Amino acid sequence: MLAVENLKVHFDVKNNRGVKTKLRAVDGVSLHLKKGEAYGIVGESGSGKSTIGKAVLNLAPKTEGKIEIDGRDITMTNRANEAWLRQNAQIVFQDPHSALNPRMTIMRSVAEPIIVHTKTRGHDLRRRVEELLDIVGLSKQFIYRYPHELSGGQKQRVCIARAIALEPSLLILDEPTSALDVSVQSQILEFLASLQRDLNLTYLFISHNLSVVRYLCQRVGVMYLGNIIEEGTTKTVFEHPQHPYTKALLGAIPYPGATQPQSAPPLIGDIPSPVDLPVGCRFHTRCPVKVANLCDRLAPEHHHQTLGWASCHLLDPDLDKVGGKPE
Amino acid sequence: MVGSTNQRTNLATVMLIQDSNADHVSESFADRHASTYRTLRLYARTFRRNTSAMFGLAIVVVFLVVAAIGPWIVPFPEDATGAVHLDIKLQPPDSTHWFGTDEVGNDIFTRVVLGTRTTLQIACIVTGVAMLIGVPLGMIAGLVGGWVQEAIMRVTDVFLSVPGLVLAIAIVGALGPGIVNAMLALSLVWWPGYVRLVQAKTLALKNEIYVQAAYSIGASKLRIVFIHILPNCTSPIIVKASMDMGMAILGAASLGFLGLGAQPPFPEWGAMISIARTYLPDWWWYSFFPGLAISLTVLGFNLLGDGLRDILDPKHRD
Amino acid sequence: MPDKPILSFIDFKLNFDTFDGVYQAIDGISFDLNPGESLGIVGETGCGKSVTAKSIMGLLPSPPAEVAGGGIWFDGRNLLKEKSSTLKSIRGNEISMIFQDPMTYLNPVFTIGKQIVDVILAHQKRGNHGRSLTSKQAFQYGMELLDKVHLPNPRRQMKSYPHELSGGMRQRVLIAMALSGQPKLLIADEPTTALDVTIQAQILELISELREQLNLSVIMITHDLGVVATVCDRVLVMYAGQIVEDASIKQLFNNPSHPYTRGLLQAVPDPAKPNKKLKGIPGALPNLLNPPIGCRFQTRCSSASEKCTRMPALNKIRTNQKVACWNVGTT
């Protein structure tokens with residue numbers, strides 16, 4: 001349904017000496033989403049996960065790569081593609097407080113995509129907005145309110161109503177719950193799950209919160225420094241992670257329970273800058289099990305398992321194990 | 001319930017229908033704008049607590065009223081059009097001539113009151129024209145970017161680097177003295193401030209998530225400008241405009257004082273002071289009352305502007 | 001609990017005087033913190049957890065903040081009654097605090113070294129150190145502190161500017177500064193919320209390690225139950241300015257008793273049970289300008305009754321567990 005091939009998004013930046021360099025936010029990512037699937041992208045800040053969402057919607061410039069939605073190639077940004085894309089793919093942003101124009105009533109915010117793309121006006125428009133608010137679980141009384149009169153959860157519902165107004169087939173959710181309190185977050189997650197079932201939507205769910213991704217998504221891709229380093233069904237990735245980064249990431253989540261599960265010691269150091277990427281495997285600077293003289297030279301290939309793949313030299317069956325060993 | 005809404009043909013009828021039936025979704029104008037009312041009430045409450053802003057508002061209102069009804073309340077209307085009563089020249093304030101009389105025996109009270117209208121007109125026109133030039137330019141610069149922005153901003157910088165009044169004097173000097181030319185000159189030196197303000201605000205708003213959301217919806221550039229960016233720029237523009245009214249009054253008075261603005265016997269405060277200063281200090285009332293009027297209006301607009309900033313700028317609230 | 005508590009809140013109430021009326025942020029909270037204990041305060045936005053921490057440090061400007069009753073006792077002294085000079089030497093030396101966004105608390109135009117040295121010298125000026133350091137010694141001490149918080153290459157970091165460090169490193173610098181007065185109590189206000197999980201894990205481990213090494217008492221303020229479970233011994237659950245449950249980690253997760261605590265736990269996706277249906281807590285936080293009288297959770301509580309219009313006391317229902325709810329524990 002959504003196919004992304006070898007997507008690259010590079011930004012020109014100046015370093016502190018004023019020399020132009022490239023920031024490789026996304027560097028060769030391929031994604032294939034089936035219709036009605038919820039696909040999660042997890043990663044830490046700076047991994048480029050949000051940029052993927054923006055590039056798909058043409059809100060960030062693509063350097064290279066091909067994007068197809070529903071079999072339609074939308075890589076070229078011409079007028080027809082643009083109009084089609086805006087009606088068939090929508091995004092919900094992280095911070096509902098700033099995603100709504102403070103000077104517009106809820107009615108106007110939700111109606112905006114309908115006004116822009118269709119000829120619906122007057123009562124039909126009003127009824128459609130009421131219908132949409134009803135779908136997201138808000139009563140009609142909100143219709144003439146302003147965003148500042150709503151709570152965070154209510155605002156996020158309004159944003160979702162706006163996003164589904166034109167019945168898009170693809171919804172990109174960019175950290176939709178991370179600005180919300182847990183009790184509200186769970187309501188929104190529940191709602192998103194039921195919405196997906198009811199409208200047969202395809203979700204591209206971007207988040208740094210692994211538990212949330214696990215809750216909502218069927219498949220997941222783990223991103224590190226502009227690359228997806230492991231992909232598979234949520235169950236496989238979470239229960240049998242292959243890549244050392246995925247393992248570390250999972251081990252780092254604080255577990256809300258009386259007894260802490262045994263986990264590997266936390267990773268050392270910070271994510272390297274995407275301006276100055278490490279040679280070889282991008283994770284080798286922090287990898288606890290790196291193989292000397294290999295990981296810092298050669299980028300690993302994808303090694304397929306039954307329900308997914310990971311790119312790590314240690315998964316290579318032909319690997320001559322010289323240095324470290326997987327735990 | 002939906003059906004009843006459906007039958008109505010337009011919103012105007014909805015407003016007019018007095019809905020006595022309790023089952024109906026009665027939606028009066030007040031219902032639909034309840035949120036706006038609440039916001040305005042909050043503004044009003046915040047403003048009322050601000051003593052100096054209320055003081056400023058009072059001054060501005062008084063001068064507006066005086067400007068509106070001036071010609072009907074002044075005791076000697078003909079004194080503003082060049083009458084001469086040399087027998088009563090330079091008389092100190094008394095019960096007939098509240099502010100005294102000038103060197104040709106004209107009532108100063110009359111001339112100050114009638115000068116209000118001129119002054120406020122100049123202020124409004126100068127700020128208005130400056131806004132009309134500055135706001136669109138600022139918005140274009142902020143939105144388009146690139147060399148367009150560079151060009152607009154550098155021209156703005158050039159204008160800002162020359163003291164406004166000096167430039168205005170030069171322009172009036174070239175065009176010839178007169179009230180219209182003075183207004184023109186002031187407007188021409190006033191717009192760069194708005195370009196700066198609006199450009200900065202547009203740059204900030206361009207990165208707001210709701211503007212990005214509008215792009216992702218597919219809204220056109222024009223729609224984004226008029227629906228998303230402009231309405232969110234209005235608060236700082238209103239605040240600056242209110243402050244600028246005061247400054248424009250000062251500017252107009254200065255030009256009048258230099259003999260480049262309104263020409264006597266036209267009642268304009270700056271021009272009055274220009275003549276009156278030769279009569280200082282013995283005939284102090286001649287320059288004192290026009291001067292007081294200038295100070296009060298400028299003070300009033302500045303206090304009002306401060307107060308407006310307090311209520312319109314959310315950073316100062318909470 | 002054999003030790004005398006190091007910090008006690010006794011029926012502390014705090015209001016904010018706003019344009020719209022009196023915002024009753026804290027409504028009579030009482031708790032003790034024992035020496036060497038690590039106490040978590042959890043709750044959602046608006047529950048008063050940060051306000052509680054800031055009132056210990058005296059960081060709330062008054063007006064609008066206004067203490068409406070009760071007291072905060074630290075080491076036998078009432079923090080609300082002491083002279084401001086005494087308070088200055090307590091805060092920073094004996095109690096110190098770290099914050100969510102370290103960048104806000106570092107001055108971007110000075111080097112890390114300069115800022116640490118300033119903090120060290122300021123602390124010893126207020127006495128309490130028993131030794132007087134020259135600025136060279138203070139620099140040395142600063143490097144030791146950076147080393148203690150495991151910042152790699154302290155000598156180089158002393159010369160770098162805040163923007164050259166990553167978020168995790170900045171938080172380490174702030175922790176080093178907080179330790180410079182050799183405090184007995186460290187208050188951490190959402191110290192890892194702005195950080196990535198792998199970095200969060202590093203910082204949490206550091207806090208646990210320092211706590212053991214220096215015998216610190218820690219108050220950890222967070223919205224993340226996972227963080228609490230990782231570093232704390234005991235948890236206060238706050239809702240709308242009231243403490244609704246005060247329990248050890250074990251009791252909290254095994255026997256959550258207050259309806260709000262239970263709701264909170266059901267709302268968090270459990271990594272171990274991915275198919276668990278999430279339940280939110282219906283309704284919204286009451287407006288604290290005009291809060292419900294009695295238990296403030298009554299408006300969202302499924303088992304609320306008339307009794308709830310009086311505030312229930314924090315009753316001990318088990319070892320290491322106190323709950324403020326009429327429907328719990330009286331059996």
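Bear in mind these aren't lab numbers, they're just calculated from the coordinates by the rules spelled out. Nothing here was measured: the structure is a model prediction, and the numbers come from that model. Using ideal geometry, Cβ is built from the backbone for each residue, glycine included, and neighbour counts are taken over all protein chains shown.
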Handout entry: Cα pair distances in the protein assembly as shown, grouped into 20 Å bins until the bin that holds the longest one, percent each
Key = 11, 34, 35, 16, 4, 0
Exercise for the section: Would you mind ranking C:180, B:295, C:248 so that the residue whose beta carbon has the fewest other beta carbons within 10 Å leads the list? Expected result: B:295, C:248, C:180
Fill in the blank from the handout: Here, trypsin sites (Lys or Arg not before Pro) of the range A:52-128 satisfying both criteria (DSSP loop; at most 11 other Cβ within 10 Å) are A:119, A:121
Exercise for the section: When you have a sec, figure out the Kirkwood radius of the range A:179-244 from all distinct Cα pair distances and drop it here in Å to one decimal? Expected result: 13.1
Problem - Sequence-distant residues sharing a close amide H with residue A:91 (under 5 Å, placed H) - result: A:172
Fill in the blank from the handout: For the range A:2-322 the translational diffusion coefficient, Stokes-Einstein from a Kirkwood Rh over Cα pairs at 4 °C and viscosity 1.567 mPa s, in µm²/s, is roughly 61
Practice task
Provide the per-residue ³J(HN,Hα) series for the range A:162-169, in order, calculated from phi with Karplus coefficients 6.51, -1.76, 1.60 and θ = phi - 60°, each as a whole number of Hz, with x at glycine and proline positions.
Solution key: 5, 5, 9, 4, 9, 6, x, 8
Exercise for the section: DSSP loop (so not H, G, I, E, B), at most 13 other Cβ within 10 Å: list which trypsin sites (Lys or Arg not before Pro) in the range C:202-295 pass both filters. Expected result: C:276, C:277
Exercise for the section: Enter the Cα centre distance for the pair the range C:207-258 and the range A:83-102, rounded to the nearest angstrom. Expected result: 38
Completion exercise
Ranked on Cβ counts within 10 Å of their own Cβ, fewest leading, A:243, B:85, A:10, B:97 go B:85, A:10, B:97, A:243
Completion exercise
Here the convex hull volume per residue of chain B, taken over Cα atoms and given in Å³, is 207
Completion exercise
Restricted to pairs 8 or more residues apart or on different chains, the lysines in chain B with C-alpha atoms under 27 Å apart form a number of pairs equal to 8
Completion exercise
Whole-Hz Karplus couplings 3J(HN,Hα) for the range B:99-109, θ = phi - 60° and coefficients 6.51, -1.76, 1.60, Gly and Pro as x, run 9, x, 10, 9, 6, 10, x, 7, 6, 5, 4
Practice task
Tell me the chymotrypsin sites (Phe, Trp or Tyr not before Pro) within the range C:107-189 that lie in a loop according to DSSP and have at most 15 other beta-carbon atoms within 10 Å.
Solution key: C:110
Exercise for the section: Tell me which residues come under 5 Å, amide H to amide H, from residue B:100 once H is placed; ignore anything under 5 positions away on its chain. Expected result: B:94, B:108, B:109
Exercise for the section: Order by neighbour count: C:172, C:310, fewest other Cβ atoms within 10 Å first, most last. Expected result: C:310, C:172
Fill in the blank from the handout: Between the Cα axis of helix B:51-73 and the main Cα principal axis of chain B, the angle (0 to 90°, nearest 10) is 60
Handout entry: Other-chain or far-sequence residues with amide H under 5 Å of residue A:31's (modelled H)
Key = A:4, A:5, A:6
Exercise for the section: Write down the percent of antiparallel bridges among all DSSP beta bridges whose residues are both part of the range A:2-322, to the nearest 5. Expected result: 65
Practice task
Would you calculate, for chain C, the mean residue ellipticity at 222 nm contributed by helices, counting each DSSP H stretch of 4 or more residues as -39,500 (n - 2.57) and dividing by all residues, to the nearest 500?
Solution key: -9000 deg cm²/dmol
Handout entry: Folded to 0 to 90 degrees: helix A:182-199 orientation relative to chain A principal axis, Cα
Key = 80
Fill in the blank from the handout: Rounded to the nearest 10, the angle in degrees between the Cα long axis of helix C:135-148 and the longest principal axis of the Cα atoms of chain C comes to 50
